[in-house]
Amino acid sequence: MSDAKRLRILFLGTRNSCRGHMAEGWVRSLYGDAFEAASAGTDPTPIVDPRAVKVMAEVGVDITGGLPTPVAERDLPAYDAVVTVCEGAAEHYRDLSGIQLLRARFDDPPTSAESARSDDEALRIYRRIRNEIRLFVESLCESLKQPLAAAE
């Protein structure tokens, strides 16, 4: 598939330190020939969460190259779909006129891992959410590819 036909997906969160980067990484890893993925946050942190980097590396997906990015630095109309990955982003962006807006809800790994008694326990939480995001990305990309295939 040529770059001209690659669909563009933006994953939008609040801090853009974890879930959006995981989703972006999965798209790049699994569907890089058909999709271009990016992520952004409404209130981004300075770095990508190290535990997110670690659990993605465990499955061969490198998310070390990205930095949390303010949504204001993304050209929203340039994307074919914008996916909110948390309630905070969904509340911030209820409607994006003319853009396909999808809502996904994933637990926040750092918040979910706050009560973990060890780093291993925290990583198990991150892995669960990583796997949930992968399943979502697979379903999303397969459904978005259908109209593209019909147009070819």
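The values are calculated or read from the model by the stated rules, or taken from the named source; none is laboratory data. Everything quoted here is computed from the prediction, not taken from an experiment. Positions of Cβ are generated from backbone atoms using ideal geometry, with glycine treated the same way; all protein chains shown enter the neighbour counts. All accessible areas refer to the heavy atoms of the entire protein, side chains included, with ligands and DNA or RNA removed. Shrake-Rupley method; radii C 1.70, N 1.55, O 1.52, S 1.80 Å.
For this structure, a couple of remarks:
- Selection status of residue 126, aromatic (Phe, Trp, Tyr) and touching a Lys or Arg at 6+ places or on another chain (Cβ under 9 Å): yes
- Extreme residue, farthest from residue 41 (Cα to Cα), among residues of the range 65-74 that are open to solvent by 90 Å² or more (accessible area, probe 1.4 Å) and without any contact (Cβ under 8 Å) to a residue 24 or more places away in the chain: 67
- Annotation note: Cβ proximity below 7 Å between a residue of the range 24-38 that is in contact (Cβ under 8 Å) with a residue 12 or more places away in the chain and a residue that is of a type in the set (Lys, Arg) and in a loop (DSSP other than H, G, I, E, B) (sequence gap 6+ or interchain) occurs for 34/6; 35/6; 36/6; 38/74.
- Taken as a whole, the structure places residue 37 among residues that are small (Gly, Ala, Ser), crowded, with 19+ Cβ neighbours inside 10 Å and more than 21 Å from residue 112 (Cα to Cα).
- Once the range 18-29 is narrowed to residues that are out of contact with any helix residue (DSSP H, G or I) (no Cβ under 7 Å at 6 or more places or on another chain) and not acidic (Asp, Glu), the residue that is farthest from residue 74 (Cα to Cα) is 29.
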